[in-house]
């Protein structure tokens, strides 16, 4: 019941009581009393209406004030012009202003890109913008202290969970000011973590009473990720620099060293602590190149300022210990403020320089090979006829001393021509070789026994042979001749006598070592050292000693092809040769030969037994008609039956007719559909045990170093050859026992005859 109702009821009882009392005293009848009561009732109802009218406006005002205090909108319709109406109008205006400001505040907070959260003193969220709702998934009314969360806060380390009491909101509600607090929010749902920087402030009224708190959060995830990427990039760059094969040097524009990688330490000998802060030009450049380096850097920076990308050049550098080496430098420049940072990658190219020099030497050799190879085949064919026929001539005029002397001159001239061609081919690496697994220690023993009788008592020969020395894959006879050649040169370098030493050892060469020693490929090698205590070689001559026709001996005392032949033979064998010499203290030659994989094989021993022929049938294939006629005549004179063919096609026609023969004797280089090697391979495909003898004056690589037949080489008779050599090699081939696959049975071999022949052809100078 409202105030007006209570007022009317309260007045009704006294009035009714008063009427009953008066009626009773004055004797008023009941109708009169009823009429009087009705009048009173009308009065009272009128009074109630007046009271209710008077109470309406104050109640509305009270309700409006209460709503306004809570920040709720107020709807009131004041009537009249009294003070209550004026008050109601004022409250309505304040409500409108408050609503407008509330809306403006909410729109302002909503428009902020960073998350914003406002809570009251009870930790209930009253304002939360869209960014905060997306981040936390909360709405107004959420209790920040006890509400159920779908996210978790972590400290900046990302692993330590942050208690609710330590959150910026909780601390601000305790009256703390929070500045730039770093935390990480990890949603419980599968979403990435968010890195935040938080600022929080408590909210107080004019009396200083705590009324809430506001927090503003700044999302720094992108910055953190960018920073982390930068850190990782820098770490990766540092890792690349630290693990790169090339040395890294960083300087400023004045050449002051800022960074110095471990590779730079290994390359130069200077540690990082020693190098940083020094001028690079004074640390690693020879004095005569420093001005040129400064000029190069100045030009490089000018080009970099104009948009240049970088620079690459080669130069000499100096190690801490004083030795020089060649480097390749790659430069790039980066702006830093008003200056430049110069990054340099430095690579040691000393070995490459050596390889390039060796390539130049190889090109010289190849040029000589083309020159000699172009005439070697035809020249040796002519020498074959000359040396063969001069034997017949010598037999015919042996009773006439004058004609016999002439025949001897012709024979000697032919031999010198053959030797010259052979030497040139050896240097040019075009001579036909027959490499096999060779016991070098055994070979050196034979050479020493021969030289001890030749060099004289003034020369002492010493050996230091590794008992476990590997077998070498090399032509045994050619190696023996090379060792004798080096021994003769050593003897000539010791006119007053001295010591000649032979030594062997095993070595494993990596790629840089193989390049440095001039070896064809890395791997296991046998090293042969030939040293003397002679006069040595001057530095000006040291670089030329392997050049053809270069000699320090007087005219007429040498051809200048001895060391050239040794060099060519070693390189053709896949090895390398180097020389170390000091004037007045002697010379050391080192020969590197590839290790053999197998057991030493030796050819049959040559001897001076009388020439023997036979009655076997020989298929002779030779494209030169003069040589073919000569060889046919020589073979028939030895008792053999001969089937002559001008080329491979003609030989195959003979074979296809079913003609039986015992040995194929073929030139290697022939015109037509196939050469001699291909012909032999074709015939051996159907007849593995077929005996084959090659001949050539210049094969030019047509004959591989190692032929078929189970890996054993096919014999080769080089042109020019004499009748006795032809007969001896033929018998060796025909008498060689082979199995059903054609594999020959190894026979003992001695290099003695080859060495003796070499010494006869190259007699030592008389002292």
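The values are calculated or read from the model by the stated rules, or taken from the named source; none is laboratory data. All of these numbers come straight from a predicted model, not from anything done at the bench. Cβ: placed from backbone, ideal geometry, glycine included. Neighbour counts: every protein chain shown.
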For this session: For the range 510-519, state whether one or more residues are buried (at least 17 other Cβ atoms within 10 Å of the Cβ), in contact (Cβ under 8 Å) with a residue 40 or more places away in the chain, outside any loop (DSSP other than H, G, I, E, B) and touching a strand residue (DSSP E or B) at 6+ places or on another chain (Cβ under 7 Å).
Result: no
Exercise. Taking residue 658, is it in contact (Cβ under 8 Å) with a residue 24 or more places away in the chain and assigned by TED's automatic domain parsing to the domain that holds residue 640?
Worked result: no
For this session: Could you figure out which of (1) in contact with a helix residue (DSSP H, G or I) (Cβ under 8 Å, 6 or more places away or on another chain); (2) without any contact (Cβ under 8 Å) to a residue 60 or more places away in the chain; (3) closer than 19 Å to residue 672 by Cα isn't true of residue 642?
Result: (3)
For this session: Please find, within the range 411-420, the residue that is nearest to residue 718 (Cα to Cα) out of those that are crowded, with 16+ Cβ neighbours inside 10 Å and modelled with pLDDT of 75 or more.
Result: 414
Exercise. Name the residues in the range 645-662 that are outside any helix (DSSP H, G or I), out of contact with any helix residue (DSSP H, G or I) (no Cβ under 6 Å at 6 or more places or on another chain) and crowded, with 16+ Cβ neighbours inside 10 Å, would you?
Worked result: 646, 647, 661, 662
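Being farther than 26 Å from residue 736 by Cα, crowded, with 22+ Cβ neighbours inside 10 Å and modelled with pLDDT of 85 or more is the requirement here; does residue 589 meet it? Step through it out loud before you land on a result.
Numbers: farther than 26 Å from residue 736 by Cα: yes; crowded, with 22+ Cβ neighbours inside 10 Å: yes; modelled with pLDDT of 85 or more: yes.
Here the answer is yes, as residue 589 does meet what is asked.
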Exercise. If you take just the strands (runs of 3 or more DSSP E) that sit entirely in the range 107-206, which of them hold at least 3 residues that are in contact with a strand residue (DSSP E or B) (Cβ under 8 Å, 6 or more places away or on another chain) and either more than 29 Å from residue 226 (Cα to Cα) or at pLDDT below 85 (or both)?
Worked result: 116-120, 125-128, 194-204
